[in-house]
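See below for the structure under consideration.
The values are calculated or read from the model by the stated rules, or taken from the named source; none is laboratory data. Everything numeric here is computed off the predicted structure, so don't read it as measured data. No Cβ is skipped: glycine too gets one built from the backbone with ideal geometry, and neighbour counts run over all protein chains shown. In case anyone asks, the SASA skips ligands and DNA or RNA and just uses the protein heavy atoms, side chains included. Shrake-Rupley method; radii C 1.70, N 1.55, O 1.52, S 1.80 Å.
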Amino acid sequence: RFQALSCDLLAISVDSLFSHLAWVRSIREQFGIEIPFPLAEDLSMAIASAYGMVHPSDGDTATVRATFLIDPTGVVRLLTYYPMATGRNVDELLRTLAALQETDASGLSTPAGWQPGEEGVLPPPSTVAEADARAKAGAPAWYYQPRTSGQ
């Protein structure tokens with residue numbers, strides 16, 4: 001599903017290559033799931049530190065479970081941290097990725113819970129005149145004007 005949105009996945013872990021191999025094999029054997037993306041080891045924590053995943057005074061990385069959406073130009077567009085005991089919401093990551101791509105393509109903002117194919121909204125007006133014009137044009141509210149992509 002990520003590939004369908006032109007998104008490449010990469011996992012980075014401070015665990016060793018051997019831990020990664022055991023993890024991939026266990027997931028395959030226990031759940032029948034193949035991991036189709038690379039897992040890179042970061043034993044020195046250089047990558048994790050560079051991306052702000054490890055506090056400089058904290059040597060324990062057991063609870064670091066971060067997800068980044070990085071656009072094609074290298075800009076971090078989303079950063080989420082999950083507690084070790086809480087699983088990631090992959091459907092929400094996919095929805096957010098699609099929303100970012102819609103915003104980039106159309107200039108529309110996407111409301112909470114937006115799903116692909118639904119209306120977006122024009123970004124908020126930046127001047128009183130623009131807010132007045134939207135109100136006169138019949139927008140439900142000066143700050144909320146739904147639009148279909150391409151409209």
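Of 131, 98, 114, which is farthest on the positive side of the dipole of the chain, counting Cα position, with +1 on Lys and Arg Cβ, -1 on Asp and Glu Cβ, and the Cα centre as origin? The Cα lying farthest towards the positive end belongs to 131.
About the Cα centre of the chain, what is the dipole size in debye to 20, counting +1 per Lys and Arg Cβ and -1 per Asp and Glu Cβ, all else neutral? Intermediate values should be presented prior to the final figure.
Values: 10 positive and 17 negative charges, 63 e Å.
Here the size comes out at about 300 debye.
Each Lys or Arg adds one and each Asp or Glu subtracts one; over the other residues with Cβ under 15 Å from the Cβ of residue 6, this totals -2. Quick one: pull the percent of accessible area on the chain belonging to carbon and sulfur, 1.4 Å probe, ligands and nucleic acids left out. Here it works out to 57 percent. Here the chain is described by how far its Cα atoms reach on the three principal axes: 64, 39, 29 Å, from widest to narrowest. Figure legend: label point modelled 7 angstrom from the Cα of residue 80 along Cα→Cβ; residues of the stretch 1-22 with amide N under 15 Å from it are 2. Take the chain with all the other protein chains still there, run a 1.4 Å probe, and you get 68 Å² of accessible area per residue.
In percent, what relative contact order does the chain have, based on Cα pairs under 8 Å that are 6 or more apart in sequence? Write down the numbers at each step before the final one.
Working: 157 pairs, mean separation 20.4, N = 151.
With pairs under 8 Å counted, the relative contact order is 14 percent.
Restricting to the chain, what percent of DSSP beta bridges are antiparallel, rounded to 5? Write down the numbers at each step before the final one.
Values: 9 of 12 bridges.
Antiparallel: roughly 75 percent of the beta bridges in the chain.
If you run the Gaussian network model on the chain, springs between alpha carbon atoms under 10 Å, then out of 120, 107, 138 the most flexible one is 138.
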